[in-house]
Amino acid sequence: MVEQTLAPISRVDVEKLYSENMAPESWLELEVRTVELLENGVLAEGQSRALIYALRSLAERGEPVPQDPSELYLQARPVLESLPQPIA
């Protein structure tokens with residue numbers, strides 16, 4: 001049996017990492033926000049794992065933290081697309 005490894009992540013999911021009044025200052029802040037969204041039931045476990053993986057990958061590359069969620073989505077999307085896809 002093949003296990004589902006990744007739930008789809010949309011631009012709307014990424015927008016939830018940003019508050020209306022403040023952009024994140026670090027990759028770690030984005031990771032913490034991802035865990036908070038998981039704990040609050042906003043993101044599924046597969047989504048949070050994939051998103052944290054993408055955030056860490058971008059941080060390791062030395063990318064600056066995007067001040068806009070759309071920019072983060074565009075940066076993270078290739079990383080997310082490289083992950084194993086869920087079985088429908």
Checklist entry - For the residue pair Asn40 and Ser19, what label-to-label distance in nm results when each label sits 7 Å from Cα along the Cα-to-beta-carbon direction? => result 1.0 nm
Item to check | Ascending count of other beta-carbon atoms within 10 Å, so fewest first, for Glu81, Glu31, Glu36 | outcome: Glu81, Glu36, Glu31
Checklist entry - Does anyone have the angle between helix 27-39 and the longest principal axis of the chain? Alpha-carbon axes, 0 to 90°, nearest 10? => result 50 degrees
Checklist entry - For the pair Glu29 and Tyr53, how long in nm is the line joining their label points, each one 7 Å along Cα→Cβ? => result 2.6 nm
Next on the checklist: How are the alpha carbon pair distances in the chain distributed across 5 Å bins from zero to the largest one, expressed in percent?
Outcome noted: 3, 15, 28, 27, 17, 7, 3, 1, 0, 0
Item to check | MRE, 222 nm, helices only [DSSP H, n ≥ 4, -39500 (n - 2.57), over the chain, to nearest 500] | outcome: -16500 deg cm²/dmol
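Quick note: the coordinates plus some simple rules give every number you see, no bench work behind them. If you're wondering where the values come from, they're calculated on a predicted model, not measured in any experiment. All Cβ positions, glycine included, derive from the backbone under ideal geometry; neighbour counts span all protein chains shown.
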